[in-house]
Amino acid sequence: MNNISTQPFSANGKTYTPPAKPIVVICMDGSADEYLDTTMAHDRMPNLKKWLCKATEVWCVVHCRHLPM
């Protein structure tokens, strides 16, 4: 991973500047918070629980709700 570029680039008319360190994004579509909390409490998602417990950076959880059409 030593060759990850941090040089700005453009796409669709917008310029992006990558961060100095890699970012991991985990998208879990269709899962309620209660489901995740319960499954981690019962050690059914051990890897995710381990990552969240050992996090040294700021974690942000974004919730997106789709409105009925």
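The values are calculated or read from the model by the stated rules, or taken from the named source; none is laboratory data. In this text the structure is predicted, and so the values were computed from the model without any measurement. Here Cβ is always computed from backbone atoms with ideal geometry, including for glycine, and neighbour counts include all displayed protein chains.
Taking segment 32-69 as the search range and keeping residues that are at pLDDT 75 or above and not in a helix (DSSP H, G or I), which one is surrounded by the most Cβ atoms within 10 Å (Cβ to Cβ)?
M45
List pairs: first in segment 24-52 and closer than 29 Å to I4 by Cα, second of a type in the set (F, W, Y), Cβ under 9 Å, 6+ apart or cross-chain?
V24/W51; I26/W51; L52/W59
Take the residues in segment 1-31 that are modelled with pLDDT of 90 or more and small (G, A, S), then tell me which one is surrounded by the fewest Cβ atoms within 10 Å (Cβ to Cβ).
Of everything passing the filter in segment 1-31, G13 is surrounded by the fewest Cβ atoms within 10 Å (Cβ to Cβ).
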